[in-house]
1. For segment 61-108, which positions are away from the ligand (no atom under 15 Å from the Cβ), assigned to a helix (DSSP H, G or I), of a type in the set (S, T, N, Q) and closer than 22 Å to V118 by Cβ?
2. Filter segment 366-395 down to the residues that are within 25 Å of the chain's Cα centre (by Cα) and more than 16 Å from the ligand (Cβ to nearest atom), then identify the one that is nearest to K63 (Cα to Cα).
3. Checking G123 against (1) within 16 Å of the ligand (Cβ to nearest atom); (2) more than 20 Å from F246 (Cα to Cα); (3) within 19 Å of the chain's Cα centre (by Cα); (4) not aliphatic (A, V, I, L, M), only one condition comes out false. Which one?
4. Has segment 414-433 got any residue that is at pLDDT 95 or above, closer than 21 Å to T3 by Cα and surrounded by 12 or more Cβ atoms within 10 Å (Cβ to Cβ)?
5. Applying the selection to segment 300-312, what residues are in contact with a helix residue (DSSP H, G or I) (Cβ under 9 Å, 6 or more places away or on another chain) and among the polar types (S, T, N, Q)?
6. Taking V58 and the conditions (1) farther than 19 Å from L199 by Cα; (2) within 16 Å of the ligand (Cβ to nearest atom), which numbered condition does it fall short on, given that it satisfies the others?
7. Scan (1) modelled with pLDDT of 95 or more; (2) within 25 Å of R152 (Cβ to Cβ) for the single condition A354 breaks and write down its number.
8. Give the residues of segment 240-253 that are of a type in the set (A, V, I, L, M, F, W, C), in contact with a strand residue (DSSP E or B) (Cβ under 6 Å, 6 or more places away or on another chain) and either part of a loop (DSSP other than H, G, I, E, B) or within 12 Å of the ligand (Cβ to nearest atom) (or both), sorted by residue number.
Amino acid sequence: HGTSRINNQGQLEIGGVNTVDLAAKYGTPLFVYDVALIRERAMQFQEAFKAEEVPFQVAYASKAFSCLAMFQLADELGLSLDVVSGGELYTAIEASFPMERVHFHGNNKSIAELEMAVEAGIGCIVVDNFYELRELSRICKERQHRIEILLRITPGVEAHTHDYISTGQEDSKFGFDLVSGQVHEAVQQAHEDEFLNLLGVHSHIGSQIFETTGFVMAVEKIFELIGEWREKFNFTPSVLNLGGGFGIRYIEGDTPLPVGEYVRKMIEVVKEKASATNLTMPEIWIEPGRSLVGDAGTTLYSIGAHKHIPNVRDYLSVDGGMSDNLRPALYQAEYEGVLANRANEEATETFSIAGKCCESGDMLIWDLPLPKANHEDILAVFCTGAYGYAMANNYNRIPRPAVVFVENGDAFEVVRRERYEDLVRLDLPLPKKVSK
Ligand code: LLP
């Protein structure tokens, strides 16, 4: 997929760059991003809106993968940016990302984070709860600064996805729920607030979604509410943010829709509902993370130990694992991979790919068909671009990998590899014993 191909020496190439050379130059584990594929995805989302002539924003959900270069690329691609913490906001500021295109999410933004966002001149805050509504109003009033907001609602739509990553059910820590009527109270409060400019509502129904049904249901719910808001508070939203969650193909069995399909369906129902209720067509905002960067990322590992258990299984260990990809351990996520240096050879064996962390659950792939592999080989694991580096950690004091962008035959290092000295940078020694 993307610009990945096998060159005539049988080696995996991405963005016109030989991955075997990348591994030699930058070391392993290494995250390699196919920039052309990110560009293509961003375009597909944007083109789908343009074709329907609907005002829109496509905000990159930066939690999927953030660093200065990624934010600069997102800016260049005309994407907005969804941040969920002071740290992501700080990165956006450092990347000189235009603040008017930054949206701030989160169910427990701190006062300091809200102040930071207001002072940075952020474009929009997606308010999650009454506490935040009150504090944000106070912060803006103190500064005599008016800010644009959306209210996050919990539409009670459950997307078919892993439990840990579905956020749309009624029983969720996110957003104002519909059943108790708190959403009406929130709309009224926000709409009447002098310093808050309520643009509309936000809903996010889950992640790694393969159908449009959930989005359609969410839109239907929202329009039921809009009717009430118009009558009761004379409020009509001018923005509907329908969140992210568009799935990607990690393994053969995954069946995502082309990204434009999700957008077309959303536009279709919103248009239909808007005209049925006599509402000016609202702007539609979306927040894809995974579908922008997920399959653009590949991780290269060096293979080390091989353990053969007769009649049971062959374990191949790599020089990373749950420290650079938590998803298999956390969500039983599945991946596919090949030998980058012998990508043309037929798979004759089955290996289970183990990470190097001191934990039995640190397995990256079970039963991967491969050619007979050994410690001279490089394993490429596909589709690691979203929530891979972003959730990387220093468990077992393993330094985090480097990240390179590749495009048109060039490679750029965008995050350098952690060194051992980085691991102790924040550590403070025990105070010296003071002798009495
Ligand atoms: N908007 C909101 C409000 C979200 O909560 C999320 C993801 C997104 C957008 C982007 O969703 P995406 O398009 O990337 O599916 N760590 C998990 C995924 C957690 C998703 C959290 N929210 C994983 O590795 O699968």
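1. T91
2. First, pick out the residues of segment 366-395 that are within 25 Å of the chain's Cα centre (by Cα): 366, 379-395.
Imposing the further condition that a residue be more than 16 Å from the ligand (Cβ to nearest atom) reduces the set to 366, 379-380, 394-395.
Details: W366: 27, L379: 26, A380: 23, N394: 18, Y395: 20 Å.
Top of the filtered list is N394.
3. (3)
4. yes
5. Within segment 300-312, the subset in contact with a helix residue (DSSP H, G or I) (Cβ under 9 Å, 6 or more places away or on another chain) is 300-302.
If the condition is that a residue be in contact with a helix residue (DSSP H, G or I) (Cβ under 9 Å, 6 or more places away or on another chain) and among the polar types (S, T, N, Q), then S302 is the only one that fits.
6. Here V58 clears every test but (1).
7. Result: A354 passes all but (2).
8. The first filter runs over segment 240-253 and keeps only residues of a type in the set (A, V, I, L, M, F, W, C), leaving 240, 242, 246, 248, 251.
Those left that are additionally in contact with a strand residue (DSSP E or B) (Cβ under 6 Å, 6 or more places away or on another chain): 240, 242.
Answer for segment 240-253, where residues must be of a type in the set (A, V, I, L, M, F, W, C), in contact with a strand residue (DSSP E or B) (Cβ under 6 Å, 6 or more places away or on another chain) and either part of a loop (DSSP other than H, G, I, E, B) or within 12 Å of the ligand (Cβ to nearest atom) (or both): just L242.
The values are calculated or read from the model by the stated rules, or taken from the named source; none is laboratory data. Since the structure is predicted, the reported quantities are computational estimates derived from the model, not experimental observations. Reconstructed Cβ throughout: ideal geometry from the backbone, glycine too, with neighbour counts over all protein chains shown.
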